Amino acid sequence: MKAANELFDRTILIVDDEITNREMLANILEPEYKVVMAADGEEALNKVRSYGNRLSLVLLDLLMPNMSGFDVLKQMKEEGMLAELPVIVLTSEKSSEIESLRLGVADFLTKPYDLPEVILARIRHSIELFENAKLIHATEFDKLTGLYNPKFFFEYASLYDSRYPEKNMDAIVINFTRFHLLNELKGRGFGDKVLTAMADGIHSVLEKNGGIAGRKDSDTFYIYTPHCENYGLFIDSVNASLSSLLKSSETRIRLGAFSDTEHLHTIIARFDHALQACNSIRTKGGRNSEEICIYDKEMAEKEVFDAHLLQDFEAAIEQKQFKVVFQPKFNIKGEKPVLCSAEALVRWIHPEFGFVRPDLFIPLFEENGLVTLLDRYVWEETARQIRKWKDELGVTIPVSVNVSRIDIAAPDMTEFITKIVNENGLSPCDYMLEITESAYTEDSKHIIDVVENLRSLGHKVEMDDFGSGYSSLNMLTSMPIDALKMDKAFIRNIKPGNKDMKLVELVLEIARNLGVPVVAEGVETEEEYKMLKLPAAT
């Protein structure tokens, strides 16, 4: 079987004004290579241009009339040919070697020529070196953006550290959030233009400040650069590059940074920290102070805390450290509020940390694939509690439980809920489900199919956090729901006649037209209750 470097025919261009020299070299080369010839510099340049990448090597005499070999080399360098094609200089003058090396030649053949075996060996060696370098170069860079791929990026960053250990360097991660939506809306070709523009914006800063950049995956870029105080330079430069493609309201650039001034962490660890800082930013677009996050002591402590929570999760489930509490829901249409149902909420009483807020552990479990186990624990505890109230108090209080988009993706979700409802002797109407508005837009067809199936079994379904997601009003007509649960942000600042109150009235009007009730979350004062009661009663 032939080696890879023997599978291709190679063509060598011999450039010499002496026909005897050309033919002598051709006789040596032709058993192994194809040969083309040029008698002067101008002919040589024309053949290099016309043959392009079909040439594997040029043998170039330096001393020629009209256009010398040096002139040919200079022109080849100016046109970028020397980066694509190795050149071996033919010379009898040792003094010419230094200038030739500066211009970028691969090797020399000294006149009078060595034995044919030596000439072939030097030519073969130069071609193999150049082809191997081209193969490495081809895998070194991301084809789309021209930045380093992750493997070479980390190699060069580590090499820089070993050569300049005293330098303070920053690990920076830049990301375009929700990039998949951009691809879906405007096409992958447009998405590629966005990524290329982002790379251009990053490169323009590095040209001034120094450093290297790589593309980690579809929409995430790594930057290793001397420490700077103003990371906004990168955001501004990227946004400027994107301005011809996207409106400012459409760009969603976020940046995470980590500066290891004491050199305590590996390169990989530094970028893990920068990536964590970047991912911690929850921005919906538009320019704001939350576009940039620096990994600091507080974030490091949170990382350790999160690791503890993840490690303790299994024991917390087994030991029932998670407590299910119930938030009552009241019907306020009559003269007095009447308890009509409740919502199940989860709290964690940790043996070491005490009360752990849900906003600290629920997003963590969502990111790490544990939220389904927690939700199912809550679902089971809720079903038992409804049964317990029924047995001990003789009343049935319908309770709603939260269902995430991750839960809905599980193929056995409906089967699991049906099982716990039946095991506790409940009616499906006693067991309600809350699904966030944003979940409907993630995979609307699948979710609508699941919800319609659950409703056909007798469950009531509420759209949770209505007004905080991205559903359009016309989508509401196709979304199977039994109630709208208004996000608590609507309630927080309501005053008689202000914009927040008008938005609440608008939501109530939408619900009235859809024929579904509204649940207002976060009502804490009598004033809020009275303001909600007035439009609700009409």
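Mark the label point 7 Å from the Cα of residue 125 along Cα→Cβ and return the residues of segment 68-107 whose backbone N is within less than 16 Å of it. Residues passing the 16 Å test: 87-90, 105-107.
Angle of helix 232-242 to the longest C-alpha principal axis of the chain, folded into 0 to 90 degrees and rounded to 10: 80°. Measuring with a 1.4 angstrom probe and ignoring ligands and nucleic acids, residue 348 comes out at about 0 Å² accessible. Label positions at residue 444 and residue 526, each projected 7 Å from the Cα along the C-beta direction, are separated by 4.4 nm. The length gained on full extension between residue 427 and residue 209, counted as 0.36 nm times the residue separation minus their Cα-Cα distance, comes to 71.8 nm. Approximating the spin labels as points 7 Å out from Cα along Cα→Cβ, the residue 218-to-residue 349 distance works out to 4.5 nm. With bins 5 Å wide beginning at 0, the percent of Cα pairs of segment 1-87 falling in each bin runs 3, 15, 26, 24, 17, 9, 4, 2, 0, 0. Exposure check, 1.4 Å probe, all protein chains in place: residue 99 carries approximately 80 Å² of accessible surface.
Based on a Kirkwood Rh over C-alpha pairs, give the Stokes-Einstein translational diffusion coefficient of segment 50-126 at 37 °C and viscosity 0.692 mPa s in µm²/s.
Values: Rh = 12.9 Å.
Calculated translational D: 255 µm²/s.
Cα convex hull, segment 85-208: 176 Å³ per residue, rounded to a whole number.
Compute the convex hull volume of the Cα atoms of segment 292-363, divide it by the residue count, and report the result per residue in Å³ as a whole number. Each step should come with its number before you reach the end.
Working: hull volume 10.3 nm³, N = 72.
Dividing the Cα hull volume of segment 292-363 by its residue count gives 144 Å³.
What FRET efficiency comes out for the pair residue 418/residue 178, r = Cβ-Cβ distance, R0 = 30 Å, nearest 0.05?
Details: r = 34 Å, r/R0 = 1.15.
After rounding, the FRET efficiency stands at 0.30.
Determine how many Å³ per residue the convex hull of the Cα atoms of the chain encloses.
On the way: hull volume 124.6 nm³, N = 538.
With only Cα atoms used, the chain gives 232 Å³ per residue.
Where the accessible area of the chain is counted over protein heavy atoms with a 1.4 Å probe, how much of it, in %, is carbon and sulfur?
Values: 15170 of 28530 Å².
Here carbon and sulfur together make up 53 percent of the probe-accessible area.
Computed with every protein chain present, the accessible area of residue 512 is close to 110 Å² [probe 1.4 Å].
Entry for segment 244-371 at q = 0.09, 0.13, 0.18 Å⁻¹: log10 I(q)/I(0) = -0.45, -0.78, -1.04, Debye formula applied to identical alpha-carbon scatterers, no solvent contribution.
Using the Cα atoms of segment 100-167 to build a convex hull, what is its mean projected area in square nanometres? Present the calculation step by step, with values, prior to reporting the outcome.
Values: hull surface 29.5 nm².
For segment 100-167, averaging the hull's shadow over all directions gives 7.4 nm².
The sum of -39500 (n - 2.57) across all DSSP H runs of n ≥ 4, divided by the residue count of the chain, sets its helix-only mean residue ellipticity at 222 nm to -15000 deg cm²/dmol. Annotation: extensible slack from residue 24 through residue 506 equals 164.3 nm (criterion: 0.36 nm per residue apart, minus Cα-Cα distance). A Förster radius of 30 Å, combined with the Cβ-Cβ distance separating residue 261 from residue 308, puts the computed FRET efficiency at roughly 0.65.
Computed across segment 322-419, the Kirkwood radius stands at 15.1 Å (inverse of mean 1/r, all Cα pairs). With all pairs of separate Cα atoms included, segment 143-257 yields a Kirkwood hydrodynamic radius of 14.5 Å.
Write down the accessible area per residue of segment 1-141 in Å², having rolled a 1.4 Å probe over the full set of protein chains.
On the way: 7920 Å² over 141 residues.
With all protein chains present, segment 1-141 gives 56 Å² per residue.
Computed extension length for residue 301-residue 42: 86.4 nm, one decimal, from 0.36 nm per residue of separation with the Cα-Cα distance subtracted. Both radii come from the Cα set of segment 371-445: Rg as radius of gyration, Rh as Kirkwood radius; their ratio Rg/Rh reads 1.01. With each label modelled as a point 7 angstrom along the Cα→C-beta vector, the residue 389-residue 325 pair spans 1.6 nm.
With the contact rule set at Cα under 8 Å and sequence spacing of 6 or more, what percent relative contact order holds for the chain?
Working: 761 pairs, mean separation 34.5, N = 538.
Across the chain, relative contact order equals 6 percent.
For residue 409 and residue 141, the FRET efficiency from 1/(1 + (r/R0)^6), where r spans their Cβ atoms and R0 equals 45 Å, is about 0.80. Pairs with C-alpha atoms separated by more than 24 Å, drawn from the list 333/488; 143/193; 336/388; 333/502; 329/390, are 336/388. Can you give the angle from 0 to 90° between the axis of helix 499-514 and the longest principal axis of the chain, with both taken from C-alpha atoms, to the nearest 10? That works out to roughly 80 degrees.
Derived value for segment 177-323: Kirkwood hydrodynamic radius 17.1 Å. Basis is the mean of 1/r over every pair of different alpha-carbon atoms.
Please work out the average accessible area per residue across segment 218-373, using the 1.4 Å probe convention, and give it in Å².
On the way: 8440 Å² over 156 residues.
Each residue of segment 218-373 exposes 54 Å² on average to a 1.4 Å probe.
The values are calculated or read from the model by the stated rules, or taken from the named source; none is laboratory data. In this text, all values refer to a predicted model and were calculated from it rather than measured experimentally. Using ideal geometry, Cβ is built from the backbone for each residue, glycine included, and neighbour counts are taken over all protein chains shown. Keep in mind that these areas ignore ligands, DNA and RNA; they rest on the heavy atoms of the full protein, side chains included. Shrake-Rupley method; radii C 1.70, N 1.55, O 1.52, S 1.80 Å.
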